[in-house]
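The values are calculated or read from the model by the stated rules, or taken from the named source; none is laboratory data. Source: prediction; values computed, not measured. No Cβ is skipped: glycine too gets one built from the backbone with ideal geometry, and neighbour counts run over all protein chains shown.
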Amino acid sequence: MRALLGQIRFEYLPDTLRSYLNLTPAAREQLRAGGRDPEGLLREQLEHLSQGVDGALRQDHGSASRLLTQGHYLRDRFEPSPLDTARFDAAARNLGAAPLQK
């Protein structure tokens, strides 16, 4: 997925825009004479690139899964459970200290 997105960003998109921007008036006229609109061709190519990006992002379930798994791990690792908080409060009362703030 990253390779495809990199190609789109650094190769396909710049090449497409460069080709369009480098059209001379004679080349534009030649396209029109052949029944092709230069702006329509650009729009069509940009739509293809957009579809390629959308497809690549939809297929990358692994990255989303890894991010969710990491989030669950960090929450379990660093977020105190209600039982832990209750134990700390009880221990603080036994020692005469103030209970923990939630």
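Number of residues in the range 1-42 that are surrounded by 12 or more Cβ atoms within 10 Å (Cβ to Cβ), of a type in the set (Lys, Arg) and within 23 Å of the chain's Cα centre (by Cα) equals 1.
Leu46 meets each of the listed conditions (1) modelled with pLDDT of 95 or more; (2) assigned to a helix (DSSP H, G or I); (3) surrounded by fewer than 10 Cβ atoms within 10 Å (Cβ to Cβ) apart from (3).
Hey, among Leu67, Leu13, which residue is at pLDDT 80 or above and not hydroxyl-bearing (Ser, Thr, Tyr)?
Working: Leu67 fails: at pLDDT 80 or above.
Among Leu67, Leu13, only Leu13 is at pLDDT 80 or above and not hydroxyl-bearing (Ser, Thr, Tyr).
Condition check for Gln51 on (1) at pLDDT 70 or above; (2) assigned to a helix (DSSP H, G or I); (3) over 30 Å from Ser19 (Cα atoms): one failure, at (3).
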